[in-house]
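Here the structure is laid out as structure tokens; the discussion comes afterwards.
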Amino acid sequence: MKIVLENLTKIFPGRDKKKQEEVIAVNNFSFTVPDGKLIGLLGPSGCGKSTTLYMISGLQKPTSGKIFFGDDDVTRLSAENRGVGLVFQNYALYPHMTVKQNIMFPLENLRGVDKLSKEEMAERTLKAAKLVQIDELMDRKPSELSGGQQQRVAIARALVKMPKVLLLDEPLSNLDARLRLQTREEIRRIQKETGITTVFVTHDQEEAMSISDMIVVMKQGVVQQIGAPQEVYDNPINLFVAKFLGTPPINVFDGTVTAEKLYIGGSAVLDVKGVADGEVFVGIRPEGFILDANGPLTCKLKSVEVMGRDVSVVSAHDNALVTDIRSIIDADNKVEAKATVSYTLKPHKVFLFSKETEERLRF
Ligand code: ATP
């Protein structure tokens with residue numbers, strides 16, 4: 001089931017009666033989520049991710065714009081009638097019910113033509129439990145489960161009604177690092193097995209990049225960029241997106257372009273054909289540095305962190321806008337313990353941005 005968002009906007013009126021400043025939580029968002037894909041909605045706190053998800057679910061009504069599931073306009077349809085499965089950050093399981101009762105609960109409320117027999121309910125419950133691999137814990141209470149297991153029960157409960165659309169709001173936030181990794185892989189597996197169109201909200205770029213078919217990066221209610229994770233990482237449209245994606249983050253410098261050459265400080269570090277003269281922001285991905293004693297970019301060496309396969313070199317530069325410049329170098333390279341470290345740059349890992357608009361300047 002594809003989901004079409006058409007000029008979706010949500011404005012919250014101001015709470016403070018004197019100031020009455022309204023919040024544009026989501027501003028004119030248009031996008032088609034392709035059928036059967038997993039989309040990661042990504043951005044810093046307050047950028048409008050959850051509001052977008054709640055509008056898709058029907059829990060919140062848009063101020064303007066439309067939502068279609070397939071060809072059906074569902075904009076005015078209530079949450080119960082949209083056929084969506086919702087999973088939140090706090091698992092919100094019923095503490096007095098067993099795992100089985102928790103998963104079965106949404107089925108017991110079905111009425112009319114949708115009403116199921118006891119056998120059908122039991123069958124559907126077991127199927128959902130098996131899908132999330134929790135079928136051996138059916139008689140436990142939520143308090144007797146780990147966080148990861150509780151979240152799986154919540155996912156099974158969302159899946160048991162066989163929703164057309166699965167919506168996940170920061171479902172991994174309450175889990176420890178190892179469980180997060182494991183559970184995100186689980187979510188991906190379940191999504192692929194069921195083929196349910198899924199929208200996943202997170203502020204964690206690594207999480208979104210690792211499991212999404214496509215990511216949507218938002219800032220202050222406005223969609224910045226949509227694309228396959230690698231595509232967005234390799235081709236950020238502006239400085240915000242470039243900074244938001246990647247660990248370690250992109251290294252940003254003040255630079256100047258003169259006669260199609262990029263200067264950082266006094267050194268010409270790269271040819272940048274087609275870029276007009278002027279001051280620019282320069283973003284260099286950590287993997288964009290090549291150790292080279294004769295390289296044009298010389299930084300003060302601060303430390304070298306060995307990470308097994310790679311080495312992370314921490315350095316500083318007067319024109320850097322970050323305190324620590326981090327470059328990732330293959331561990332086969334030896335970093336000499338000197339006062340400085342010099343690099344040449346990989347052109348496709350260097351991005352230039354306008355100082356005025358922070359939009360990308362292509363070369
Ligand atoms: P987080 O990651 O912190 O959950 P988010 O990206 O999901 O953030 P939203 O919860 O969608 O952000 O909020 C977007 C903006 O709308 C924020 O500025 C928030 O304060 C505002 N907002 C959200 N809900 C309401 C509401 N019910 N009334 C007024 N303002 C709201």
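The values are calculated or read from the model by the stated rules, or taken from the named source; none is laboratory data. Just so it is clear, the structure is predicted and the values come from calculations on it, not from any experiment. All Cβ positions, glycine included, derive from the backbone under ideal geometry; neighbour counts span all protein chains shown. Surface areas here come from the heavy atoms of the whole protein model, side chains and all, with no ligands, DNA or RNA. Shrake-Rupley method; radii C 1.70, N 1.55, O 1.52, S 1.80 Å.
The single condition among (1) open to solvent by 10 Å² or more (accessible area, probe 1.4 Å); (2) in contact with a strand residue (DSSP E or B) (Cβ under 6 Å, 6 or more places away or on another chain); (3) more than 16 Å from the ligand (Cβ to nearest atom) that residue 232 does not satisfy is (1). Of the residues making up segment 26-75, those that are closer than 13 Å to residue 199 by Cβ, open to solvent by 10 Å² or more (accessible area, probe 1.4 Å) and among the aromatic types (Phe, Trp, Tyr) are 31, 54.
Can you tell me how many residues in segment 97-136 are of a type in the set (Lys, Arg) and part of a loop (DSSP other than H, G, I, E, B)? Walk me through it before giving the result.
We begin by selecting, within segment 97-136, every residue of a type in the set (Lys, Arg); these are 100, 111, 115, 118, 124, 127, 130.
In the following step, the residues that additionally are part of a loop (DSSP other than H, G, I, E, B) were identified as 111, 115.
Here the count works out to 2.
Given the criteria open to solvent by 30 Å² or more (accessible area, probe 1.4 Å) and under 26 Å from residue 82 (Cβ atoms), does residue 141 qualify? Criteria not met by residue 141.
Could you pull out the residue among 315, 303, 327 that is small (Gly, Ala, Ser) and touching a helix residue (DSSP H, G or I) at 6+ places or on another chain (Cβ under 8 Å)? Break it down stepwise before answering.
Numbers: 315 fails: touching a helix residue (DSSP H, G or I) at 6+ places or on another chain (Cβ under 8 Å); 303 fails: touching a helix residue (DSSP H, G or I) at 6+ places or on another chain (Cβ under 8 Å).
Answer to the selection: 327.
For segment 160-187, the tally of residues that are within 16 Å of the ligand (Cβ to nearest atom) and assigned to a loop (DSSP other than H, G, I, E, B) stands at 5.
For first residues located in segment 201-224 and within 12 Å of the ligand (Cβ to nearest atom), partners that are part of a loop (DSSP other than H, G, I, E, B) and of a type in the set (Asp, Glu) and lie 6+ apart or on another chain with Cβ distances below 6 Å form the pairs 201/170; 202/170.
Scanning segment 195-217 for residues being among the hydroxyl-bearing types (Ser, Thr, Tyr) and surrounded by fewer than 16 Cβ atoms within 10 Å (Cβ to Cβ) gives a total of 1. For segment 89-107, the set of residues classified as loosely packed, with under 14 Cβ neighbours inside 10 Å and either among the β-branched types (Val, Ile, Thr) or at pLDDT 90 or above (or both) consists of 94, 95, 96, listed by residue number.
Scan segment 275-297 for residues that are closer than 17 Å to residue 256 by Cβ and open to solvent by 50 Å² or more (accessible area, probe 1.4 Å) and jot them down. Steps first, answer last, please.
So the first thing to find is which residues in segment 275-297 are closer than 17 Å to residue 256 by Cβ, and the list is 275-284, 296-297.
Of everything in segment 275-297, those that are closer than 17 Å to residue 256 by Cβ and open to solvent by 50 Å² or more (accessible area, probe 1.4 Å) turn out to be 276, 277, 279.
Only residues that are more than 18 Å from residue 285 (Cα to Cα) and open to solvent by 40 Å² or more (accessible area, probe 1.4 Å) were counted across segment 334-349, and they come to 6.
Taking each residue of segment 24-44 that is over 21 Å from residue 244 (Cα atoms) and looking for partners that are outside any strand (DSSP E or B) and within 10 Å of the ligand (Cβ to nearest atom) with beta-carbon atoms closer than 6 Å, six or more apart or interchain, yields 24/221. The residues in segment 195-249 that are within 22 Å of residue 169 (Cβ to Cβ), of a type in the set (S, T, N, Q) and not in a strand (DSSP E or B) can be counted, and the count is 4. Scanning segment 81-119 for residues that are in contact with a helix residue (DSSP H, G or I) (Cβ under 8 Å, 6 or more places away or on another chain) and without any contact (Cβ under 8 Å) to a residue 24 or more places away in the chain yields a total of 2.
Once segment 38-80 is narrowed to residues that are in contact with a helix residue (DSSP H, G or I) (Cβ under 9 Å, 6 or more places away or on another chain) and at positive phi, the residue that is nearest to the ligand (Cβ to nearest atom) is 43.
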